């Protein structure tokens with residue numbers, strides 16, 4: 001591309017010089033016009049060749065990049081499995097409440113050996129995503145946000161509890177989620193609803209869904 005730019009500058013300079021010569025006398029006007037025309041035609045031919053070569057270079061570079069990037073065998077970070085398989089793979093049990101429908105369980109490979117468990121289901125008219133991840137955090141305020149949701153700037157955050165566990169409810173006008181921590185055995189949970197929902201509704205849904213992995217409280 002640098003060569004193309006150089007050609008353009010050189011062509012403009014040449015044309016300017018010829019036009020200057022043309023202005024020096026009428027007798028040579030026709031010759032000067034012919035020279036300008038010839039120079040422009042040569043410049044266009046050179047530019048077309050340079051652009052063609054530049055396009056070929058870019059195409060070759062793109063092809064080389066494509067060859068270096070694998071297109072098959074890539075790991076899908078999201079894997080659907082049964083509830084039992086998910087518990088075995090993530091050490092997190094995510095049962096759904098009685099009466100829930102259309103349940104699907106997934107494992108997310110987050111890299112560096114980190115995994116996230118998820119189940120999606122419908123319950124009492126709500127489309128719910130429920131997530132769990134093993135953690136060493138002991139304070140919900142210090143926990144990582146595993147919701148994957150992006151709320152509006154005017155979203156509210158309210159401290160509450162879920163079955164005696166410290167929790168935070170986060171909502172805006174269009175969606176919301178509740179996050180809570182079961183310190184023993186060390187599982188961070190998040191339940192979200194991608195539709196307008198109140199804090200009270202999220203607490204209700206979380207308490208209906210949560211089952212302590214250590215058995216009855």
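I'm told residue 101 meets every condition in (1) touching a strand residue (DSSP E or B) at 6+ places or on another chain (Cβ under 9 Å); (2) loosely packed, with under 10 Cβ neighbours inside 10 Å; (3) modelled with pLDDT under 95 except one. Can you identify the failing condition by its number?
Residue 101 satisfies every listed condition except (3).
Take residue 181 and decide whether it is over 19 Å from residue 126 (Cβ atoms), assigned by TED's automatic domain parsing to the domain that holds residue 97 and in contact (Cβ under 8 Å) with a residue 12 or more places away in the chain.
Values: over 19 Å from residue 126 (Cβ atoms): yes; assigned by TED's automatic domain parsing to the domain that holds residue 97: yes; in contact (Cβ under 8 Å) with a residue 12 or more places away in the chain: yes.
In short, yes.
Might you let me know whether segment 187-204 holds any residue that is surrounded by fewer than 14 Cβ atoms within 10 Å (Cβ to Cβ), under 22 Å from residue 96 (Cβ atoms), touching a residue at least 24 places away in the same chain (Cβ under 8 Å) and touching a strand residue (DSSP E or B) at 6+ places or on another chain (Cβ under 8 Å)?
Checking segment 187-204: at least one residue is surrounded by fewer than 14 Cβ atoms within 10 Å (Cβ to Cβ), under 22 Å from residue 96 (Cβ atoms), touching a residue at least 24 places away in the same chain (Cβ under 8 Å) and touching a strand residue (DSSP E or B) at 6+ places or on another chain (Cβ under 8 Å).
Got at least one residue in segment 133-145 being part of a strand (DSSP E or B) and under 19 Å from residue 196 (Cα atoms)?
Start the filter on segment 133-145 by keeping residues that are part of a strand (DSSP E or B), which leaves 133-134.
Now narrow it down to the ones that are under 19 Å from residue 196 (Cα atoms): none.
No, segment 133-145 contains no residue that is part of a strand (DSSP E or B) and under 19 Å from residue 196 (Cα atoms).
Surrounded by 14 or more Cβ atoms within 10 Å (Cβ to Cβ), over 24 Å from the mean Cα position of the chain (by Cα), more than 20 Å from residue 86 (Cα to Cα) and without any contact (Cβ under 8 Å) to a residue 24 or more places away in the chain: does that describe residue 126? Full working, then the answer.
Working: surrounded by 14 or more Cβ atoms within 10 Å (Cβ to Cβ): yes; over 24 Å from the mean Cα position of the chain (by Cα): yes; more than 20 Å from residue 86 (Cα to Cα): yes; without any contact (Cβ under 8 Å) to a residue 24 or more places away in the chain: no.
No, not satisfied.
Answer with yes or no whether residue 143 is closer than 16 Å to residue 205 by Cα and surrounded by 12 or more Cβ atoms within 10 Å (Cβ to Cβ). Give the derivation first.
On the way: closer than 16 Å to residue 205 by Cα: no; surrounded by 12 or more Cβ atoms within 10 Å (Cβ to Cβ): yes.
When the stated conditions are applied, residue 143 does not pass them.
Of the conditions (1) out of contact with any helix residue (DSSP H, G or I) (no Cβ under 7 Å at 6 or more places or on another chain); (2) surrounded by fewer than 21 Cβ atoms within 10 Å (Cβ to Cβ); (3) part of a strand (DSSP E or B), residue 158 fails just one. Which one is it?
Going through the list (1) out of contact with any helix residue (DSSP H, G or I) (no Cβ under 7 Å at 6 or more places or on another chain); (2) surrounded by fewer than 21 Cβ atoms within 10 Å (Cβ to Cβ); (3) part of a strand (DSSP E or B), residue 158 breaks only (1).
I'd like to know if segment 189-199 contains one or more residues that are under 22 Å from residue 135 (Cα atoms), in contact with a helix residue (DSSP H, G or I) (Cβ under 7 Å, 6 or more places away or on another chain) and not in a helix (DSSP H, G or I). Show your work before the answer.
Quick first cut of segment 189-199, residues under 22 Å from residue 135 (Cα atoms) only: 189-192.
Narrowing the set further to residues that are in contact with a helix residue (DSSP H, G or I) (Cβ under 7 Å, 6 or more places away or on another chain) leaves 191.
Okay, now just the ones that are also not in a helix (DSSP H, G or I), so 191.
Yes, the conditions are met somewhere in segment 189-199.
Please find, within segment 105-115, the residue that is nearest to residue 210 (Cα to Cα) out of those that are out of contact with any helix residue (DSSP H, G or I) (no Cβ under 7 Å at 6 or more places or on another chain) and surrounded by 13 or more Cβ atoms within 10 Å (Cβ to Cβ). Please lay out each step first, then the result.
In the first step, residues of segment 105-115 are kept if they are out of contact with any helix residue (DSSP H, G or I) (no Cβ under 7 Å at 6 or more places or on another chain); the result is 106, 108-114.
Going one step further and asking which of them are surrounded by 13 or more Cβ atoms within 10 Å (Cβ to Cβ), we end up with 106, 108-109.
Details: 106: 17, 108: 20, 109: 23 Å.
Among those residues, the one meeting the criterion is 106.
The values are calculated or read from the model by the stated rules, or taken from the named source; none is laboratory data. Just so it is clear, the model here is predicted, and its values are computed rather than measured. Here the Cβ is made from the backbone with ideal geometry for all residues, glycine too, and neighbour counts use every protein chain on show.
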